[in-house]
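Trainee: Supplied in structure tokens, the structure appears directly below.
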Amino acid sequence: FTTHRAFVAPRPIIVLNAGGFEWEDPVNAFDQGVDNPYKNTDLMTSTDGGLKIDPARLLSPRLNGANLYFIGMMGSGKTSVGEAVARRMGSYTFLDTDAIIEKATKMTIPEIFEAEGEEGFRQVEAQILDSVHPYVRCVISTGGGIVTRMENWSKLQTGLVIWLDVEPEVIIKRIQGTDRPLLQTEDPLKKLKALLEERKPKYKNADIRVKVTEEMDTAAVADQVIYDLHHFIDDNPPAWKLAKAKAQAEGLDWVQ
Ligand SMILES: Nc1ncnc2c1ncn2[C@@H]1O[C@H](COP(=O)(O)OP(=O)(O)OP(=O)(O)O)[C@@H](O)[C@H]1O
Ligand SMILES: O=C(O)C1=C[C@@H](O)[C@@H](O)[C@H](O)C1
């Protein structure tokens, strides 16, 4: 992680044509931003001694614009937690690749799976990620299977990647009976376990792994993510800081 990774110039969104159907320019689907974030009164909390700033608010200047990508199994909380983190940060916009896909294609995810199969959906997903990743200051919640395509990692790794690691037994209680296409089987828990085993080596490539237990509600997970992000940045200072420390240790003038 180096802060200058964040400065990828935004580029025009192209009109996409994948998976066998015409798309609208997905730029119109990017309207899920946090409204006027500086009006967020939760950013300052009152304590005994006075006002205390939310540590989430301090992340933004430390990230220098780098995007945060949430990865993990379906139902792991990427959308709920991602949105909570973006709101608390104040100056980051929240985006959800599944929601953008549905808006850009004017189809629901089950409809895309039905019409194009999983492979068609993956193509669409990869192109949406390609369109989204040049933007800066975004918290981006991704689809559970986005990690399966190697090419997606080159986009994810332009930001910081956070894996919400949740046991299938916990997930199934949250999402049983929903219309997620990959769980339309006789034994959804078995399917979830098999998918997790297959994907675990990919999820492990995340910069930060947050173990989420059943007792943790969305706010507790968001707290943990924010805490871990500060520690990650502490442990991975930008390259210029290391260069400065090295130069000074060698007795060189840093700036004449
Ligand atoms: N920490 C939590 N505790 C309890 N319920 C949660 C928690 N996090 C998320 N949920 C609930 O689980 C369900 C799935 O959450 P969410 O949509 O955020 O997951 P997701 O990872 O974005 O899923 P998908 O990849 O399928 O879109 C929602 O009903 C949400 O309210
Ligand atoms: O885990 C998966 O492969 C998926 C998760 C969802 O977020 C959707 O992207 C879709 O249902 C596929």
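Just so you know, all these numbers are worked out from the coordinates, no wet-lab data involved. Source: prediction; values computed, not measured. Glycine also receives a Cβ, built like all others from the backbone with ideal geometry; neighbour counts cover every protein chain displayed.
Trainee: Could you give the length gained on full extension between E167 and K204, defined as 0.36 nm per residue of separation minus the Cα-Cα distance, in nm?
Mentor: So the chain would gain 11.9 nm between E167 and K204.
Trainee: Between E197 and D130, what is the label-to-label distance in nm when each label sits 7 Å out along the Cα-to-Cβ direction?
Mentor: Modelled inter-label distance: 3.4 nm.
Trainee: Obtain the nm distance between the two label points defined at R62 and Q184 by a simple spin-label model: each point lies 7 Å from its Cα along the Cα-to-C-beta direction.
Mentor: So the label points at R62 and Q184 sit 4.4 nm apart.
Trainee: Label the stretch 115-245 by shape, choosing from rounded, prolate and oblate, from the square roots a ≥ b ≥ c of the eigenvalues of the Cα gyration tensor; if a/c is under 1.5 it is rounded, and otherwise prolate applies when a/b is larger than b/c, oblate when it is not.
Mentor: Oblate.
Trainee: Can you give me the long-range amide H partners of T93? Hydrogens built in the peptide plane at 1.01 Å from N, cutoff under 5 Å, separation of 5 or more residues or another chain.
Mentor: C138, V139
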